[in-house]
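A short worksheet on the structure shown next.
Computed from the coordinates by the stated procedures, all read-outs in this text should not be read as laboratory data. Keep in mind it's a predicted model, so treat the numbers as computed, not measured. Cβ coordinates were reconstructed from backbone atoms using ideal geometry, including for glycine residues, and neighbour counts include every protein chain displayed.
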């Protein structure tokens, strides 16, 4: 293994060790945080995701599973696609219209996490991963990055089309621009 390969493997490991546990922590917080699943359900209902209880559990399970898979480097680009999908839904439902900066509720965080997930898919899991150790699968590249980005964005769009029902504000005319 040459220096470049070791550097790429180290970068993949560092990115996975940063992104994966963060997703696990977010999923765990949805289940066991201060409000638990009931609080997460109420939050999702307020965001307009129905049925809220299903979406609370789906989001938590997806964060836990994708985070664990990213951490250990298993599943190719699919856990990254799940992270992109999660961030797409979050950007549209919770962060939309609040500007860029996360400290103002903006979409900065969701963009960084989605970008990191696509970068992880592009790097591939590396040799120091479950896929690398068990299957010798260490490929990333443009195809893996595009798979993560497009599958994640498509999944988010499908979920939003099927289940996003934001509440109209008083005085709303219900136009597509207001409800989209």
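What is the distance in Å between the Cα centroid of the stretch 123-138 and that of the stretch 1-68?
Using only Cα atoms to place each centre, the spacing works out to 21 Å.
Calculate, in nm to one decimal, what residue 61 and residue 162 gain on full extension: separation in residues at 0.36 nm each, minus their alpha carbon distance.
On the way: separation 101, 0.36 × 101 = 36.36 nm, distance 1.90 nm.
My answer for the length gained is 34.5 nm.
If r is the Cβ-Cβ distance from residue 54 to residue 135 and R0 is 30 Å, what FRET efficiency results, to the nearest 0.05?
The formula returns an efficiency of 0.35 here.
Among 161, 139, 57, which one shows the highest mean-square fluctuation when the chain is modelled as a Gaussian network with alpha-carbon springs under 10 Å?
Largest GNM mean-square fluctuation: 161.
On C-alpha positions alone, give me the angle between the axis of helix 108-123 and the longest principal axis of the chain, in degrees, nearest 10.
30
How do the peptides 145-156, 115-126, 79-90 rank, highest first, by the average count of neighbouring beta carbon atoms within 10 Å per residue?
Put in order of decreasing packing, that is 79-90, 115-126, 145-156.
Compute the helix-to-body angle for 52-72: its Cα long axis versus the longest principal axis of the chain, expressed 0 to 90° and rounded to tens.
That works out to roughly 10 degrees.
Report, in deg cm²/dmol and to the nearest 500, the calculated mean residue ellipticity at 222 nm for the chain, where each DSSP H run with n ≥ 4 adds -39500 (n - 2.57) and the sum is divided by the residue count. Intermediate results must be reported in sequence, preceding the final value.
On the way: 8 runs with 127 residues, N = 180.
That comes out to -23500 deg cm²/dmol.
Take residue 96 and residue 112, extend 7 Å from each Cα along the Cα→Cβ direction, and tell me the distance between the two endpoints in nm.
The two pseudo-label positions are separated by 2.3 nm.
At 0.36 nm per residue, minus the direct Cα-Cα distance, what do residue 153 and residue 46 gain on full extension? Give it in nm, one decimal, please.
Roughly 36.3 nm would be gained on extension.
With everything on Cα atoms, drop me the angle between helix 36-47 and the longest principal axis of the chain, reported from 0 to 90° to the nearest 10.
The angle comes out at about 60 degrees.
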